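*Asks:* Questions regarding the structure given below will be posed in turn.
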Amino acid sequence: MEQLEKDKRIHQKIKRFKTKQAQMRHLFQEDEEPFNPDYVEVDRILDVSHSVDKDNGEPVIYYLVKWCSLPYEDATWELKEDVDEGKVEEFSKIQNRQPRLKRAARPPASSWKKLEETREYKNGNTLREYQLEGVNWLLFNWYNRQNCILADEMGLGKTIQSIALLSEVYAAGVQGPFLVIAPLSTITNWEREFSTWTNMNAIVYHGSLASRQMIQQYEMYCKDEKEHLIPGAYKFDALITTFEMVLSDCPELREIACWGRWRDILSHARCKRRLSERDVETICRVILVFCLLHYRGDENIKSFIWELITPPENGREPQTLLNHSGLSIPVPRGRKGKRVKAQSTFDVQKVEWIRKYNPDTLLLDDSYRKHLKHQCNKVLLRVRMLYYLKQEVIGEHSDSVLKGADIRYLKYVDKCQQEVPAGWWDSDADRSLLAGVFKHGYEMYTTMRADPCLCFLERVGRPDDKAIDAEQHTGDAELGDE
């Protein structure tokens, strides 16, 4: 009792115990134990904090602990003395890794050698004869750059063979990061087998929005001396997630298309039928062609959009429209701005590629056409704004921003003397707003507040989860008036 009374966090621990006890009381019968012992077992250590005891001035170390069978959002700061030393050693080993920014090339096919016998994996585990044969076959296909499918009856160790393959690839010098996409019911098993058979740092990307954001902040990337995330320097060796999570919410796995982020659109759109990224690109090009036909704004902006959506010829890479006059020209504000008579330098109807993206044959809903015609100016100006934001404000850091990099890497400095929205607003808030609009979309302010890579979470607190979900699942049916 005396030792417990000396623990300054004992009341918090008792409170957490009682909370979990109350939550699980209705799940158990009276003769069953209402407390899951996993809740007090350390799963992973996420971070470390050094402090000083106010009473005696001695240094104190706290660890941010993720508990077994509990999500990341329930992680708590615990005294070093209360944390398993083995977990501290695992954490220190991961933290002391040198960031790997260069990716090793896959060895040539001639380097493949058949494994005559199983190696001894972690914990003394070895492959059975038929499992060794499967790993050899997987390795042969990997060295020869051939896709393959390992099919067998349930319970014969396909997961183990796949992990053994990754272990052999890791030993060959290609040290990830590896992506494992599995059904939700099996990801826990994948995590357990990685831990049982290898020393690789495998993490599970799943859970609530708060948990996923903690994973992004603590588990995704290495940090520099100033605790800034290092883009491209992955902290994990293998990431386990589900197919749905990759499609709907995994910005760290997204690729940016040359003129559009089609995967982003797919992840937020509510489509009646399954669409591919190419389908989304076609739809967006058709919509913008329709808007160009009815746009009554500045010709420089119209020319910019036209060049942006024109498909490249002969398989060439699309050109980057830096310093285009359509990006730099100011736009009159308000609905009473002077109407500009269309005097296009190009004839949309005479261009060959328009036949494939003709809105007259592809946009068949009259009500949507009427709505889009009314909002065409706003659509084009928003596209222009987002492109400008990417190319001329965020620039080379655009990939890093999407991957969760610290926005302080941005060199942008606001030189405009305008009234700030709050007393705490500064240049970091400007950068966070710009990065947030680019990363999450136009007017997604609640989602921006919840992003740990932006400054708003620290300064104004986390918004309500229901508000975040409502914002992320509400379609932009009404763009509003100018």
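*Asks:* With the crude spin-label approximation of a point 7 Å out along Cα→Cβ, what separation in nm comes out for GLU120 versus LEU101?
*Replies:* It is 3.9 nm.
*Asks:* Let me ask another. For ARG296 and GLU458 in one chain, what is 0.36 nm times their gap in residues minus the Cα-Cα distance, to one decimal in nm?
*Replies:* Taking ARG296 through GLU458 to full extension adds about 54.0 nm, to one decimal.
*Asks:* For the pair LEU156/TYR442, report the inter-label distance in nm, with labels modelled 7 Å from Cα in the Cβ direction.
*Replies:* The answer from the label model is 5.5 nm.
*Asks:* Okay, moving on. Give the accessible surface of the range 31-96 per residue, rounded to a whole number of Å², with probe radius 1.4 Å and ligands, DNA and RNA excluded.
*Replies:* 60 Å²
*Asks:* Distance from the Cα centre of the range 140-167 to that of the range 208-224, in angstrom?
*Replies:* Taking the Cα centre of each part, the range 140-167 and the range 208-224 sit 29 Å apart.
*Asks:* Return the long-range amide H neighbours of THR242 (sequence gap of 5 or more, or a different chain), with a cut-off of under 5 Å between placed amide H atoms.
*Replies:* Counting only residues 5 or more places away or on other chains, the set is ALA182.
*Asks:* TRP353 versus ALA171, label points 7 Å from Cα toward the beta carbon: distance in nm?
*Replies:* For TRP353 paired with ALA171, the spin-label model returns 5.0 nm.
*Asks:* SER208 to GLU58: extension gain in nm, 0.36 nm per residue of separation minus the Cα-Cα distance?
*Replies:* 50.2 nm
*Asks:* Moving to a separate point now. Amide H of HIS206: which non-local residues (sequence gap of 5 or more, or other chain) have their own amide H closer than 5 Å, using H built in the peptide plane?
*Replies:* For HIS206, whose amide H was placed from the backbone, there are no distant partners under 5 Å.
*Asks:* Which peptide among 147-153, 160-166, 137-143 comes first, and what is the full order, when sorted by highest mean count of other Cβ atoms within 10 Å?
*Replies:* 160-166, 137-143, 147-153
*Asks:* While we're on this one: Which FRET efficiency value, to the nearest 0.05, do you get for ASP84 and GLU392 by plugging their Cβ-Cβ distance into 1/(1 + (r/R0)^6) with R0 = 41 Å?
*Replies:* Calculated transfer efficiency: 0.25.
The values are calculated or read from the model by the stated rules, or taken from the named source; none is laboratory data. Since this is a predicted model, take the numbers as computed values, not measurements. Quick reminder, even Gly has a Cβ in these numbers, built from the backbone with ideal geometry, and neighbours come from all protein chains shown. Side chains are part of the model used for accessible areas, which takes the heavy atoms of the whole protein and leaves out ligands, DNA and RNA. Shrake-Rupley method; radii C 1.70, N 1.55, O 1.52, S 1.80 Å.
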